[in-house]
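No value in this document is a laboratory result; all are computed from the given coordinates. Since this is a predicted model, take the numbers as computed values, not measurements. Please note: Cβ atoms are built from the backbone with ideal geometry, for glycine as well, and neighbour counts cover all protein chains shown.
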Amino acid sequence: MHRIYFLLLALSFCQWSFAKTFLIADRYLDVEKGHYVDSPVIVIEDDRILSMTGDIERRQNSDQVINLAGMTLLPGLVDSHVHIEGNQSLHGFEKLGQSDQAALLSGVSNARDMLTAGITTIRNLGSKNYGDIALRDAINDGIIDGPRIFAAGPPLGITGGHCDSTLLPHEFGLKSRGAADGPWEVAAKVRENIKYGSDVIKFCATGGVMSKGTEVGVQQYTLEEMEILVEEAHRRGKIVAAHAHGTAGIKSAILAGADSIEHASFIDSEGIRLAKRNGTYLSMDIYVTEYILGRGAEAGILEENLAKERTVGKIQRENFRKAVVAGVKMVMGTDAGIYPHRESPRQLSRMVQFGMTPIQALQSATINAATLLKEQENFGSLRSGKYADIIAVRGDPLTNVSLLEDVSFVMKAGTIYKTP
């Protein structure tokens, strides 16, 4: 009797562990080939796609069937430039009153917002005190819901530069954790970030819009400093993102071997040629201009920052168009955190507005971003063996890419987070 009981118990566990999900829809978008495949039956087991052409008639009683009739399936979106921590409504001097703990708690809510908006993976490019790594680990451990996070930890930058704290006067003696000057100090800071869990390294090659007292177009790190930084990161298998608005800083970062250039606002023809020749990705946040100039003053963004954005936004969009025409590799990077995280997919329609085709925009947020992260075997397209990161919209996103601003269904790694 006991032997039969344990046999039945073992069989019940086997049945539970091998239960599958069958996902049915009108079609799915093959982002690698750029066309639709009609009437898919996607079979999901645990966190992976088992098959793209399952036989629904052969399902078991323990299997789940999800019918998304009338919908188009796509791979989960990847946002390559996010600031996940912090209360997005705080800007300028108001941010000084926000503790690291409060910023981290806001990050929990921001992560959930991004996931339900269809963003299943993010590259977080900057955290004061490794809070993004704590969020990453909590999500991986199933403690909170959120996208898969590739975390940078504290961004590196020169003393007094865009990645250093510049709001308070000298008597406070405040210096950001990532501030480092000179090649060997920079190398040591890369090693420190990796020690504490950084997946990627982010550094500031030029001034920025949202910092105080820095000029957007002026190069900060020297080429020598950038080279040792990139060499140290690449030796440890980490990709490198360079914040760079200014022309000279963009070209120096490309020559130093940075994997992606963030913003790239004042990139010139030579910079575009260098990026294409070196295979450097551009991550140009062309939507955020609308928020800063349209709602920024009301949100508390300082006039100095608004003035800098007025000089940057139009030029950045013109150069975005030139880079697209030239065929430079592009990823969707939004700078979410400057504006509400749930608005991240709005970037896609702006990429189309300023020169991309809808499939190019969608590739920038899927397979291109996964390839930049060296994770194209795990996500970025719908293929057998990849994570079951799947979203769904009603309609045809290749005709109207703004449909991605209102996704109906979200699955990350086989777990459903949003249903119609």
Q | 222 nm mean residue ellipticity, helices alone, for the chain (DSSP H n ≥ 4; -39,500 (n - 2.57); rounded to 500) | A | -11000 deg cm²/dmol
Q. Angle between the Cα long axis of helix 131-140 and the longest principal axis of the chain, 0 to 90 degrees, nearest 10?
A. 10 degrees
**Q.** Förster radius 22 Å - calculated FRET efficiency between Glu290 and Arg310 (Cβ-Cβ, nearest 0.05)
**A.** 0.95
**Q.** Relative exposure of Lys374, Lys418, judged by other C-beta atoms within 10 Å (fewest first)
**A.** Lys374, Lys418
Q. What order, most packed first, do the peptides 335-348, 115-128, 380-393 have when packing is the mean number of other Cβ atoms within 10 Å of each residue?
A. 115-128, 335-348, 380-393
Q.
Give me the extension gain from Asp141 to Glu215: residue separation times 0.36 nm, minus the current Cα-Cα distance, reported in nm with one decimal.
A. 22.5 nm
Q | Within-12-Å neighbourhood charge of Asn193 [Cβ basis; K, R +1; D, E -1] | A | +3
(Q) Explain nothing, just the number: relative contact order of region 77-372, from Cα pairs under 8 Å at least 6 residues apart, as a whole percent. (A) 19 percent
Q: Quote the Stokes-Einstein diffusion coefficient, in whole µm² s⁻¹, for region 283-420, based on the Kirkwood radius over alpha carbon pairs, a temperature of 20 °C and a viscosity of 1.002 mPa s.
A: 132 µm²/s
Q) In nm, to one decimal, how far is the Ala134 label point from the Arg235 one, both placed 7 Å along Cα→Cβ? A) 3.1 nm
Q.
How tilted is helix 303-326 with respect to the longest principal axis of the chain? Cα atoms for both, answer in degrees (0 to 90, nearest 10).
A. 60 degrees
Q) Taking the Cβ-Cβ separation of His35 and Glu377 as r and a Förster radius of 25 Å, what is the calculated FRET efficiency to the nearest 0.05? A) 0.70
Q) When the Cα centres of region 346-404 and region 266-323 are compared, how far apart do they sit, in Å? A) 21 Å
Q) Extension gain Asp100-Ala297, at 0.36 nm per residue separation less the Cα-Cα distance, in nm? A) 68.5 nm
Q | Simple label model, 7 Å out from Cα along Cβ direction - Leu223 to Tyr196, nm | A | 3.2 nm
Q. In what sequence do Ser109, Ser99 fall when counting other Cβ within 10 Å, fewest first?
A. Ser99, Ser109
Q: Working from Cα positions, state the angle (0 to 90°, nearest 10) between the long axis of helix 223-235 and the longest principal axis of the chain.
A: 20 degrees
Q: Report Rg(Cα)/(2.2 N^0.38 Å) for region 77-372, keeping two decimals.
A: 0.90
Q: Count the DSSP beta bridges whose two residues both fall in the chain, then state the antiparallel fraction as a percent rounded to the nearest 5.
A: 45 percent
Q: Decide, for region 172-253, between rounded, prolate and oblate: order the square roots of the alpha carbon gyration tensor eigenvalues as a ≥ b ≥ c, take rounded if a/c falls under 1.5, and otherwise choose prolate if a/b is larger than b/c, else oblate.
A: oblate
(Q) Please compute the length gained on full extension between Glu45 and Gln360, using 0.36 nm multiplied by the number of residues separating them and subtracting their Cα-Cα distance. (A) 110.4 nm
Q: Extending each Cα 7 Å along its Cβ direction at Thr53 and Lys322, get the distance between those two points in nm, one decimal.
A: 4.7 nm
Q) What order, most packed first, do the peptides 352-358, 129-135 have when packing is the mean number of other Cβ atoms within 10 Å of each residue? A) 129-135, 352-358
